[in-house]
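For reference, the structure is listed below as structure tokens.
The values are calculated or read from the model by the stated rules, or taken from the named source; none is laboratory data. Just so it is clear, the model here is predicted, and its values are computed rather than measured. Cβ: placed from backbone, ideal geometry, glycine included. Neighbour counts: every protein chain shown. Only protein heavy atoms, including side chains, enter the accessible area calculation; ligands, DNA and RNA are left aside. Shrake-Rupley method; radii C 1.70, N 1.55, O 1.52, S 1.80 Å.
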Amino acid sequence: MKIAFVGKGGSGKTTLSSLFIRHLAANEAHVIAVDADINQHLGAALGLDEAEAASLPAMGAHLPLIKDYLRGSNPRIASADTMIKTTPPGEGSRLLRVVEDNPVYDACARTVRLDDGDIRLMATGPFTESDLGVSCYHSKVGAVELCLNHLVDGPDEYVVVDMTAGSDSFASGMFTRFDMTFLVAEPTLKGVSVYRQYKEYARDFGVALKVVGNKVQGEDDIAFLREEVGDDLLVTVGHSNWVRAMEKGRPPRFELLEADNRMALQSLQNAAEDSYAARDWERYTRQMVHFHLKNAESWGNARTGADLAAQVDPSFMLGEHAPVAQPG
């Protein structure tokens with residue numbers, strides 16, 4: 001399952017995504033975690049110290065390797081240089097699996113040991129001073145989108161992406177790459193404003209969206225969220241001494257997380273599993289092609305000097321049984 005955590009800055013999005021990742025690991029799921037936020041904090045939330053978090057490889061720095069590997073022997077892609085972030089797979093492309101070893105993971109992923117199991121962590125890399133005035137952050141997350149387009153996952157396999165704050169995720173088609181999007185919202189007008197933007201943007205694409213109310217202090221807060229977001233409110237999370245200790249760098253064992261917060265995380269997993277059962281690979285592939293053609297026409301063809309529409313393989317459908325090109 002591919003899961004996104006979104007929300008405004010300061011909503012607790014990264015904290016909740018890290019708790020969900022720990023919960024999945026405790027339930028013996030296979031997990032790839034991806035930090036796609038402009039502020040790279042997921043590693044620290046998962047227990048890495050400052051040096052370990054800073055040493056995570058940046059996916060954007062390995063984009064040539066990623067493109068070359070995923071291209072495989074696809075005859076519709078003349079060279080890795082003609083691949084853009086939305087390039088879809090076709091016959092001969094190499095696909096990524098959650099549970100495997102490959103050159104992309106070797107270069108871009110690091111194993112993080114949690115209390116109850118290991119997960120793989122990948123990061124887009126921070127937005128640096130050298131990027132100012134010459135690039136936008138969406139170019140950083142292009143590597144993530146390209147990998148998601150070529151990734152096939154099954155039951156008990158999770159890709160959890162901590163997205164950039166606000167509605168910036170809609171600058172590309174990456175918001176359609178997920179089986180479930182959890183929007184973390186505080187019980188304030190600002191807290192639910194991002195929800196309204198997401199709901200409006202996602203309406204035409206069938207994006208599954210659930211709200212996680214965070215920093216909830218009582219029934220009034222719950223009533224406010226219910227009034228503002230209706231049935232999209234899945235669960236609420238209140239104060240956590242465990243989280244406070246984690247933010248101080250001294251988290252107890254995860255099994256000591258408060259029982260009501262453990263139940264809330266289980267509700268998230270149940271919702272994710274329900275969305276996976278309704279997965280529509282045909283729609284998923286169609287939307288991938290839609291955004292690729294849109295990008296090809298608006299900027300991709302001019303940038304690469306190629307007709308990127310020709311990269312679309314009309315007979316190919318991404319799915320759990322899609323053929324996988326072998327390394328070679």
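An oblate overall shape is assigned to the stretch 138-253, the ratio a/c of its alpha-carbon gyration tensor axes (a ≥ b ≥ c) being 1.5 or greater and a/b not exceeding b/c.
The mean accessible area for residues of the chain, using a 1.4 Å probe and ignoring ligands and nucleic acids, is 45 Å² per residue. Counting only protein heavy atoms and using a 1.4 Å probe, the accessible area of Trp299 comes to about 70 Å².
The base-10 log of I(q)/I(0) for the stretch 67-127, evaluated at q = 0.25, 0.27 Å⁻¹, reads -1.10, -1.17 [Debye formula, identical scatterers on Cα atoms, solvent excluded].
For Val160, the residues whose modelled amide H falls within less than 5 Å of its own, excluding neighbours fewer than 5 places apart on the same chain, are Ile3, Ile32, Ala33, Val34.
Comparing His62, Leu265, Phe178 along the charge dipole axis of the chain, the residue lying farthest to the positive side is His62, per the Cβ-charge model.
Within the chain, what whole-number % of the accessible surface is contributed by carbon and sulfur, with the 1.4 Å probe and all protein chains included in the calculation? Kindly include the intermediate steps, with their values, before the conclusion.
Working: 7220 of 14600 Å².
C and S fraction of accessible area: 49 percent.
Taken about its Cα centre, the stretch 212-318 carries a charge dipole of about 600 debye when Lys and Arg each add +1 at the Cβ and Asp and Glu each add -1 at the Cβ.
Restricting things to Cα coordinates, could you compute the convex hull volume per residue of the stretch 173-328 in Å³?
On the way: hull volume 32.7 nm³, N = 156.
In the stretch 173-328, the Cα convex hull volume per residue is 210 Å³.
Compared with the direct C-alpha span, the chain from Lys248 to Asp156 gains 30.0 nm at full extension, assuming 0.36 nm per residue.
With Cβ to Cβ distances under 15 Å as the rule, what net charge do the other residues near Ala80 carry (K, R +1; D, E -1)? Please list the in-between numbers first.
Numbers: positive: Lys67, Arg71, Arg76, Lys85, Arg94, Arg303; negative: Asp68, Asp81.
So the surrounding residues net to +4.
By the rule of a C-alpha distance below 13 Å, with chain neighbours fewer than 8 residues away ignored, the aspartates and glutamates paired with Lys190 are Glu228. Here the chain is treated with +1 on each Lys and Arg Cβ and -1 on each Asp and Glu Cβ, and its dipole about the Cα centre works out to around 560 debye.
Taking all Cα pairs closer than 8 Å and separated by 6 or more residues, the relative contact order of the chain comes to 27 percent. Between Ala54 and Asn102, the FRET efficiency estimated from the beta carbon spacing at R0 = 25 angstrom works out to 0.50.
With helices as the sole contributors, the chain gives -10500 deg cm²/dmol at 222 nm; each DSSP H run of n ≥ 4 counts as -39500 (n - 2.57), and the sum is divided by every residue. What the Cα atoms of the chain give is an Rg and a Dmax of 19.3, 60 Å. A straight Cα-to-Cα reach below 22 Å connects Lys294 with the lysines Lys67, Lys85, Lys140, Lys199, residues fewer than 8 places away in its own chain not being considered.
Of Tyr105, Asn27, Phe254, which is farthest on the positive side of the dipole of the chain, counting Cα position, with +1 on Lys and Arg Cβ, -1 on Asp and Glu Cβ, and the Cα centre as origin? Of the options given, the answer is Tyr105.
A cut-off of 5 Å between modelled amide H atoms, ignoring neighbours fewer than 5 places along the same chain, links Ala123 with Asp35, Met59.
Might you report the magnitude of the Cβ-based charge dipole of the stretch 206-269 about its Cα centre, with Lys and Arg at +1 and Asp and Glu at -1, to the nearest 20 debye?
500 debye
Overall shape: prolate for the stretch 1-105, with the ratio a/c of the largest to smallest alpha carbon gyration tensor axis at 1.5 or above and a/b above b/c.
Working from label points 7 Å from Cα in the Cα-to-Cβ sense, the Trp281 to Glu320 distance is 0.9 nm.
Please state the relative contact order of the stretch 1-107 as a whole percent: Cα pairs under 8 Å, 6+ residues apart?
Computed over the stretch 1-107, the figure is 20 percent.
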